[in-house]
Every structure is written in C-alpha cells, then in structure tokens.
Amino acid sequence: MRPPDRPHPLGPSTASPTPAPRVPARARRPVPAVVRVPAALARACHPLPTVAVTVLVTALAVTAGRSGPDCAVVAAAVLTGQLSVGWSNDAVDARRDLRAGRADKPVASGAVSARTAWVAAWSALALCVPLSLVCGALAGAAHLVFVAAGWAYNLGVKATVWSWLPYAAGFGALPAFIALGSPGHPPPAWWAVGAAALLGVGAHLADALPDIDEDLRAGVRGGPQRIGPTGVRLLLPLPPAAATALLVPVPPGPEGVLGRVAVALVVGAVLGGAVAAGRRTDRPRPRGPFVAVVAVAAADVALLVARGASIA
C-alpha cells in the first residue's frame, strides 16, 4: 500500500496544476535533507540577480581603488543583503505562488518550508548589518538603505503605484556605499547616483514585464501592472536611455567607445519598443527590442564600472 502523501507545509492549494507522472516506488530515492534544503535555498535566493548585484558592486569597489580586504568585505555585505532580500521575497510570496501553481518556486513547491526561508532571510540580514558597518558608518547606512528598500518592496510596496521607488532608492544608494567608504568619506557624484537609480527602475520594469498578467490575476497592482504590458514595453527603454545620457560624457578611450555603443543601442531599443508596442496584440511580441534594452543596460553598467574611480 502506498503511504499517504504528506501535506504541503503551506496548506492545501486551490490551484489545479497538471498532475506529475507516476514514478514506480522502487525508482524513487529520497534526497537527504542535508542536500535538499541547501539546494532549495540556493534556488529560492533568486541566484541570478543576487550574483549580478554582488559582482557589480564589488567591481565598483575595485575600480574605485578600494583595497583587496575592503573589496572582500563589500562583497560579503552585498551578498548577505541580497540573500536576505531573495529569501524573504519567496517566503512572503509563498501562499500566492502556491495558489498560482508555481512549481518553479522552492517554497511554494514544498522543497523547503516558508519557516526555513524566513530563518535564512533573517540570519543573512543579521550578518549583513555588521558587515555593512565595517565599511564605515555612513557607507554602511547607505548599503542598508539598499537592503531596506528590497525588504520594503517584498513586504508590500510592490503591490502599490510606488513599486518603482524601492528600486530607484536602493540602486541609487549603491554609489554612495562605495564613495562614502573611501578615505575622507566623499559624497558620491550626482551622475553616478542618478544613473544607478535609473538602472534600478529599468530593472524593475524588465523584471515585472513577463508576469504582469499573472500578477493581475493574483491581485498585485504595482506600477507596471497598472501601466499594462504595452505601456511597459514603451517605457522600458527610457530609464537605461536616460542613464546613458548621464554616463556617456566621458573622455576619449574605452569608455568613449562604450558610450557610443550604448547610444546606438538606445536608438534601436526605443524604436524597436515603439514598433513592438504598436503591433496587434494577438501576435507574439518580438524579443529583439527587449534584448536591445538588456544590452543598453549592460553597456551602462560597464560605463558605471569604468568610471568607478570618479564616482566620489
């Protein structure tokens, strides 16, 4: 006799996902918790943005001339902060993800419990605070603004018209984190703060775009959901385009080449976004404009990193 299924840690789901194919009992081997839980937590932390932001800020610290030990502390502070934001996001969204049948989410699928995700999030945050303050009181406060913005977004701001604000405030604080941790604690350059904030807004639009319809069904009405997919496609190129306008005026050299490439990509992305948004809604959307926007953002990030020595 087959033993009864274990109840899901979040309770019964109202979704009706496609049943998984039966696997013979002899073929099933339980994965030990010591392997299963860390693997599920690694997937629940939103690994791609976590790694990307950690690498970006560490690269800014390197190009700003920070020492090796300082850069290591910066990386550890940013990594723990991003882990706390990623785990808290999945823990907060667990019940909604379960109702939506999101089998790709480790907490909603039951691979790891919401309680474990919360413990991991708070533990990472507890490590993040002292690691941030080791970089200096002002610099640490700037980084904690970034982390607090991520938590605020998770805890409810994302369902409001102000959903873009945590991204703008959080990413805008990153150049301050690097500059204020330098000798003399100089304030960050205004153009660096502005460009980083604009890139944050662009990241918010790009992240929300694929899930707008699903979010609306779940009752999430943040800024992108209120604008709608067509409006977001039109707006998406504008924040990285504005960031490019702040970052391009640089002396000749590798940065100048990056600037010209970014400007060319901006033109293509804006025109492509307008064409894509104007097409009939029953046709599939081309991915070309979206790829161009991602390329613009990548060029802007490279420009920001290349000018790291002058952000203070």
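The values are calculated or read from the model by the stated rules, or taken from the named source; none is laboratory data. Please read these numbers as outputs of a predicted model, since none were measured by experiment. Neighbour counts are summed over all protein chains in view; Cβ atoms, including those assigned to glycine, are modelled from backbone coordinates with ideal geometry.
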* Asked: Would the range 114-132 turn up any residue that is more than 25 Å from Pro38 (Cα to Cα), in a helix (DSSP H, G or I) and in contact with a Gly (Cβ under 9 Å, 6 or more places away or on another chain)?
  -> no
* To do: Identify the single condition in (1) closer than 30 Å to Ala243 by Cβ; (2) at pLDDT 95 or above; (3) within 20 Å of the chain's Cα centre (by Cα); (4) not charged (D, E, K, R) that Ala159 does not satisfy, given that it satisfies every other one.
  => (2)
* How many residues does the range 177-196 contain that are buried (at least 24 other Cβ atoms within 10 Å of the Cβ), touching a Leu at 6+ places or on another chain (Cβ under 9 Å) and part of a helix (DSSP H, G or I)? -> 5
* Structure fact -> When the range 221-252 is checked residue by residue, the ones that are of a type in the set (S, T, N, Q) and either farther than 26 Å from Leu304 by Cβ or surrounded by fewer than 19 Cβ atoms within 10 Å (Cβ to Cβ) (or both) are Gln225, Thr230
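Could you identify the single residue in Val305, Val294 that is assigned to a helix (DSSP H, G or I), at pLDDT below 70 and out of contact with any Pro (no Cβ under 8 Å at 6 or more places or on another chain)? Break it down into steps so the answer makes sense when it comes.
Numbers: Val305 fails: at pLDDT below 70.
It is Val294.
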* **Residue within the range 90-105 that is at pLDDT below 95, of a type in the set (Val, Ile, Thr), out of contact with any Lys or Arg (no Cβ under 7 Å at 6 or more places or on another chain) and farther than 22 Å from Asp207 by Cβ present** => no
* Odd one out for Val85, checked against (1) under 28 Å from Leu209 (Cα atoms); (2) out of contact with any Gly (no Cβ under 8 Å at 6 or more places or on another chain); (3) surrounded by 18 or more Cβ atoms within 10 Å (Cβ to Cβ) -> (2)
* To do: Kindly list the number of the only condition in (1) at pLDDT 55 or above; (2) touching a Ser or Thr at 6+ places or on another chain (Cβ under 6 Å); (3) part of a helix (DSSP H, G or I) that fails for Arg226.
  => (2)
* To do: Considering only residues that are free of Cβ contacts under 8 Å to residues at least 60 places away in the same chain and of a type in the set (Phe, Trp, Tyr), look in the range 105-146 and name the one that is farthest from Thr58 (Cα to Cα).
  => Trp118
